[in-house]
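Please treat every number below as a calculation from the coordinates, not as lab data. All values derive from a computational prediction rather than experimental measurement. Please note: Cβ atoms are built from the backbone with ideal geometry, for glycine as well, and neighbour counts cover all protein chains shown.
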Amino acid sequence: MRNADTEFIGGPLDGRILPIPLGPFNGVPKTYRVPVPAHGDVPAETLVYVRAKQHRGYRWHWRYEFDGPASGRPAEESAVGSEQSGHSPG
C-alpha cells in the first residue's frame, strides 16, 4: 500500500509530517481521525483533521488542518447541515 507524507497544521500534531495511506484513487482521506486514549482524569477523545489543498508555486499537495475534537458528525455534514437549515424541500 502506498503512503503520502502529509503535513498537519494546528492541534497537537502541528508541524508534523506523517505517512498517510492512500485510498484506491491515490488520494488521502477527506478526514483523518486520531484516537487519543484516556489518561488519568482526562477522558478518551478523537481529534479530527480535515484535508485542505496547499499550493507551492505551480504545484499543490494535500495537508490536514485541525478541526477539533470529534462532535459525532463528520465535518462535511455539519457544514452542509448549517447551510440547509430552514430550507424546506419543495
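Other residues lying with their Cβ under 9 Å from the Cβ of Ala52 contribute a combined charge of +2, Lys and Arg counting +1, Asp and Glu -1.
Sort the following peptides by mean Cβ neighbour count (other Cβ atoms within 10 Å, averaged over residues), highest first: 13-21, 51-59, 27-35. Each step should come with its number before you reach the end.
Details: 13-21: 12.7, 51-59: 9.0, 27-35: 14.3.
Top of the packing list down: 27-35, 13-21, 51-59.
Subtracting the Cα-Cα distance of Asp41 and Arg2 from their residue separation scaled by 0.36 nm leaves 10.2 nm.
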